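What follows is a short report on a single structure.
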Amino acid sequence: MELCRILREDKVIMAVKDDKKLEEALKSTKRTVFLLKSDIMTVGDVVKKCKDAGKTVFIHLDLMDGIGKDESGLKFLIKNIKPDGIISTKVNIIKLANALGLQTVFRVFLIDSQGMESAFHTLTKINPDAVEIMPGVMPEITRKFATRFANLITGGMVSDVNQAKGALDNGAIGVSTSSEVLWNEKF
């Protein structure tokens, strides 16, 4: 399923780092899982569990152990693991994944105004399905990004309803969070 269409309804992405969080995510009514920690030996089983539970699955490729962050690694993922998409901070990975037909989320860490301008410039050169800005608890910055990029996700440090609403009210289409409190919340 297309990530942005799902987010317009669900608003929340379940960010999963371990088996315990995965089990909780599989029980949730939300439909999107970001696998933030994975490895080549177990990721296939994890993706299958998620898909069997009706979830859309994105693998954070930069944080995956045991696989090359290159075209061969992406082709292996597509052929053998079959995620719905990938997350990366690397421009070349986003471009390759787009060319191979995977949905992409370009993750941006914002620490200053120069970083924000650099991200705006980069987004004119690549075409990710969505951009995720971190940390996700900056309403004014969220608003600035949302005026320039429609498919905006916020993530990182979003742990309560008010923070999530702040991001959504300022133009984000979704919030990525490891906070289980938000995994079944209605927005």
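Restricting attention to the range 68-88, report how many residues are at pLDDT 95 or above and open to solvent by less than 50 Å² (accessible area, probe 1.4 Å).
10
Which of the residues that make up the range 81-109 are farther than 21 Å from K17 by Cα and either more than 16 Å from the chain's Cα centre (by Cα) or of a type in the set (D, E, K, R) (or both)?
Listed by number, the residues that qualify are N92, K95, L96, A99, L100, G101.
What are the residues in the range 129-148 that are in contact with a helix residue (DSSP H, G or I) (Cβ under 8 Å, 6 or more places away or on another chain) and open to solvent by 30 Å² or more (accessible area, probe 1.4 Å), if any?
Hits for the range 129-148 are D129, V137, P139, I141, K144, R148.
What's the total number of residues in the range 127-149 that are modelled with pLDDT of 95 or more and within 25 Å of I78 (Cα to Cα)?
5
Yes or no: the range 13-32 includes at least one residue that is open to solvent by 20 Å² or more (accessible area, probe 1.4 Å), among the hydrophobic types (A, V, I, L, M, F, W, C) and in contact (Cβ under 8 Å) with a residue 24 or more places away in the chain.
yes
Here are some residues: G101, G115, G54. Which one is without any contact (Cβ under 8 Å) to a residue 24 or more places away in the chain and open to solvent by less than 30 Å² (accessible area, probe 1.4 Å)?
From the options G101, G115, G54, the qualifying one is G115.
Going by the structure shown, is K21 touching a helix residue (DSSP H, G or I) at 6+ places or on another chain (Cβ under 8 Å), modelled with pLDDT of 95 or more and not in a helix (DSSP H, G or I)?
Considered against the rule, which asks whether it is touching a helix residue (DSSP H, G or I) at 6+ places or on another chain (Cβ under 8 Å), modelled with pLDDT of 95 or more and not in a helix (DSSP H, G or I), K21 comes out as no.
With the condition kept exactly as written, say whether any residue in the range 76-96 is in contact with a Pro (Cβ under 9 Å, 6 or more places away or on another chain), of a type in the set (F, W, Y) and closer than 28 Å to C50 by Cα.
No, because not a single residue in the range 76-96 is in contact with a Pro (Cβ under 9 Å, 6 or more places away or on another chain), of a type in the set (F, W, Y) and closer than 28 Å to C50 by Cα.
Which condition number does E185 fail, the rest of (1) more than 17 Å from the chain's Cα centre (by Cα); (2) part of a loop (DSSP other than H, G, I, E, B); (3) surrounded by fewer than 14 Cβ atoms within 10 Å (Cβ to Cβ) being met?
Going through the list (1) more than 17 Å from the chain's Cα centre (by Cα); (2) part of a loop (DSSP other than H, G, I, E, B); (3) surrounded by fewer than 14 Cβ atoms within 10 Å (Cβ to Cβ), E185 breaks only (3).
Are any residues in the range 1-12 out of contact with any helix residue (DSSP H, G or I) (no Cβ under 7 Å at 6 or more places or on another chain) and either without any contact (Cβ under 8 Å) to a residue 12 or more places away in the chain or outside any helix (DSSP H, G or I) (or both), and if so, which ones?
Hits for the range 1-12 are M1, E2, R5, E9.
The values are calculated or read from the model by the stated rules, or taken from the named source; none is laboratory data. Since the model is a prediction, treat every value here as computed from it, not as a measurement. No Cβ is skipped: glycine too gets one built from the backbone with ideal geometry, and neighbour counts run over all protein chains shown. All accessible areas refer to the heavy atoms of the entire protein, side chains included, with ligands and DNA or RNA removed. Shrake-Rupley method; radii C 1.70, N 1.55, O 1.52, S 1.80 Å.
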